[in-house]
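Shown next, in structure tokens, is the structure this report addresses.
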Amino acid sequence: MSDSACLEELLRRRHSCRGFLDRPVPRETIAKILDIAQLTASWCNAQPWQLHIASGAALDRFRAALWSEAASQPPRPDLPFPAEYVGVYLERRRDCGWRLYDSIGVARGDRAASARQGRENFRMFGAPHAAIVSTPASMGVYGAIDCGAYVSNFMLAAQSLGVASIAQAALAAYPDLARHHLGIAADRAVVCGISFGYEDATHPANGFRTGRAPVGEAVTWLE
């Protein structure tokens, strides 16, 4: 198989996992994922990303704190969440949500059930591992952009080794908790989290897939 075919296959097979098995990923497998993701390109080769990976009891404590905080407090991320989604971006967001809710039997308009599913983010969907990704706050948006490239490569590397994952902005909603529980320095901005482990193929939330817009909607050719 050609390099391009391998990459395309990984991209097509990767999806956001929302149901994990209660089985840890061996440390050597995680180390290999990290070795591959570390090859990510960055502006001036600054490599601003740092990961704090929680497993076992450490993850249980962090998960419990997030669950409790999200139940009573609004998000207060270091990096502002989108102010709004409009036009085609809103349409895509709604389509993604509807596909997810349809897969788990949540009727459209059932706000209580959709809210329960939303809170699953703070349980990391049962994943045995979670990585919190941060950047130096002083690097601003470009540090975050480099971290985004790293997150994508981390998930592709995980996929290549049979490990499922999901990138989660929700895990950046309460960065003070991440700093307290995971020891993230105060001068770093929390960008997002990645929950990962082995996929529970029987979980209904893992049965749906999102689509992608045609290239023509994303590219303008100039000659």
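Bear in mind that the values in this text are calculations on the coordinates, not laboratory data. Please read all numbers here as calculations on a predicted model, not as lab measurements. No Cβ is skipped: glycine too gets one built from the backbone with ideal geometry, and neighbour counts run over all protein chains shown.
A dipole drawn for the chain from +1 and -1 charges on Cβ atoms has a positive end, and of SER114, GLY197, LEU39 the residue lying farthest that way is SER114. Suppose R0 equals 25 Å. What FRET efficiency, 1/(1 + (r/R0)^6) with r the Cβ-Cβ distance, do ALA41 and LEU11 give to the nearest 0.05? After rounding, the FRET efficiency stands at 0.90.
Considering only alpha-carbon pairs that sit under 8 angstrom and 6 or more positions apart, the relative contact order computed for segment 96-223 is 34 percent.
Given springs between every Cα pair under 10 Å in a Gaussian network model of the chain, which of TYR85, TYR142, TYR198 has the largest fluctuation? Fluctuation is largest for TYR85. Screening the chain for whole DSSP H helices of 24 Å or more along their axis (Cα) with average Kyte-Doolittle hydropathy at least -1.0 returns 56-72, 87-104, 140-160. Can you compute 3J(HN,Hα) from phi for each residue in segment 208-223, using the Karplus curve 6.51 cos²θ - 1.76 cosθ + 1.60 with θ = phi - 60°, rounded to whole Hz and x for Gly and Pro? Those phi angles translate into 10, 9, 8, x, 10, 5, x, 3, x, 7, 10, 10, 10, 8, 10, 9 Hz.
Applying 1/(1 + (r/R0)^6) with R0 = 35 Å to the Cβ-Cβ distance of LEU34 and GLU120 gives a FRET efficiency near 0.85. With viscosity 1.306 mPa s and temperature 10 °C, the Kirkwood radius over alpha carbon pairs of the chain converts through Stokes-Einstein to a diffusion coefficient of 85 µm²/s.
Placing a label point 7 Å from the Cα of LEU161 along the Cα-to-Cβ direction, the residues of segment 27-43 whose backbone N falls under 19 Å from that point are 27-41.
Here the sum of -39500 (n - 2.57) over DSSP H runs of 4 or more residues, divided by the residues of the chain, equals -13500 deg cm²/dmol at 222 nm, to the nearest 500.
What is the chain's relative contact order, in percent, from Cα pairs under 8 angstrom and six or more apart in sequence?
The normalised contact order for the chain reaches 38 percent.
Multiplying the residue separation of VAL215 and TYR142 by 0.36 nm and removing their Cα-Cα distance gives an extension gain of 23.8 nm. Springs between Cα atoms under 10 Å define the GNM used for the chain, and in it the highest mean-square fluctuation of ALA127, ALA65, ALA57 occurs at ALA57.
Estimated at 0.36 nm per residue, the fully extended path between SER68 and CYS96 surpasses their Cα-Cα distance by 7.4 nm.
Of the residues SER114, SER134, SER68, the one that moves most in a GNM of the chain with alpha-carbon contacts below 10 Å is SER68.
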